[in-house]
Amino acid sequence: MKPILLLNFLLCIVNPLLDAVESGLRSNHYTNKHLFTADSKTYIDEDFDLFFKKFKTQSSTQLSRIVFPLKSVYISHDEETVEHTNRSDWKFSNFDTIKKLITKKSKVSNDRVDVVLAIEDTGVHVIYHFEKRKGLWWLIKTTDGST
């Protein structure tokens, strides 16, 4: 396996699992990931709100929990443009530092949550689409309907 592929694997898959196990060993409970066992297998069930609290403020969480290349759909005057962002091109945004940001969470299903980000009086309107995969939340797509 090439070193870069191995590094991406470790960052994206193994690291969150190790964090969950280490946290459980230290505290015997989970603040944002819940482990449970069924049929001799261990599963993780991450709480979306606690995950998003980290995602919106930590660059390491953003980079480790985005499915790259990230699909971004731009909607303008009945026209859609699709672009894909590679990991190396991703720009970190700390949502807590954006003035007049309005955030609205919408649960689409047990495994899908959309978060609408709008900036008051600017026309900015972006939807972040999250999906739970193997018990962990991932950003899988963005839709930008800004005017």
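Here, each number is a calculation from the coordinates, and none is a lab measurement. As the structure is a computational prediction, the values presented were derived from the model and not from experiment. Cβ atoms come from the backbone with ideal geometry, glycine included; neighbour counts cover every protein chain shown.
Counting other C-beta atoms within 10 Å, which of E79, E131 has the fewest, and how do the rest follow? Kindly include the intermediate steps, with their values, before the conclusion.
Details: E79 7, E131 16.
Going from sparsest to densest Cβ surroundings: E79, E131.
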Label point at V82 placed 7 Å out along Cα→Cβ; residues across the stretch 104-139 whose backbone nitrogen lies under 14 Å: none
Inter-label distance for I102 and I119, nm, one decimal - labels placed 7 Å from Cα along Cα-to-Cβ: 1.5 nm
Label-point gap, in nm, between D144 and S109 - each point 7 angstrom along Cα→Cβ: 2.8 nm
Amide N proximity, the stretch 63-81 versus W90 label position 7 Å along Cα-to-Cβ, cut-off under 12 Å: 63-71
